[in-house]
Amino acid sequence: MAKETWSKIATLCVVAEIIFSSGAMAQGFPKHRQAGDAPPLPATATKLSASDTKKMLDGKTFTYTVFTEYIIYTGTITFNFSTGLADGEYLADQPPPALSGQYEARIWLDGDKMCLRHNGKQQCGGVYSDASGIYRMDDSSGKVAEIYR
């Protein structure tokens, strides 16, 4: 093989090694955005009580952004605390092909925290609001997990 071809192969191998050794591959797609991309909780946001959370969310539909380790989801969500369900549509922010569809999650209030369970994963956190939106925190990471507008 020509020297130029070997050089290209070596470059590709180095790039692949960097991607895999950094943990940048998961579920078959590159890790291009992280939960670290979640914005900080605004200083103007105030923590909501369980009754205030229910009043603000129950029976209403919002657009949302969900920050996960590998993907940022956007879509719509409708909360129904009487049935304990939230459902809607999602679009996954990832390299093509985009993932989209419908989902359903279990929801409940635990003290002043709102909890969601979807695909076997459970996450609870305090709920805050300000003029820009409603924010659900992830207690395990201390970061904004979801924003509803």
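None of the figures in this text is laboratory data; all of them are computed from the coordinates on show. All values reported here derive from a predicted model rather than from experimental measurement. Neighbour counts are summed over all protein chains in view; Cβ atoms, including those assigned to glycine, are modelled from backbone coordinates with ideal geometry.
Among 112, 93, which is surrounded by 13 or more Cβ atoms within 10 Å (Cβ to Cβ) and more than 19 Å from residue 137 (Cα to Cα)? Can you show your working first?
Working: 112 fails: more than 19 Å from residue 137 (Cα to Cα).
Result: 93 is the single residue among 112, 93 that is surrounded by 13 or more Cβ atoms within 10 Å (Cβ to Cβ) and more than 19 Å from residue 137 (Cα to Cα).
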Criterion (aromatic (Phe, Trp, Tyr), touching a Lys or Arg at 6+ places or on another chain (Cβ under 6 Å), buried (at least 17 other Cβ atoms within 10 Å of the Cβ) and in contact (Cβ under 8 Å) with a residue 12 or more places away in the chain) met by exactly one of 64, 70: 70
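So, residue 103, is that one hydroxyl-bearing (Ser, Thr, Tyr), without any contact (Cβ under 8 Å) to a residue 60 or more places away in the chain, within 18 Å of residue 57 (Cβ to Cβ) and crowded, with 17+ Cβ neighbours inside 10 Å or not? Full working, then the answer.
Numbers: hydroxyl-bearing (Ser, Thr, Tyr): yes; without any contact (Cβ under 8 Å) to a residue 60 or more places away in the chain: yes; within 18 Å of residue 57 (Cβ to Cβ): yes; crowded, with 17+ Cβ neighbours inside 10 Å: no.
Judged against the criteria, residue 103 is not a match.
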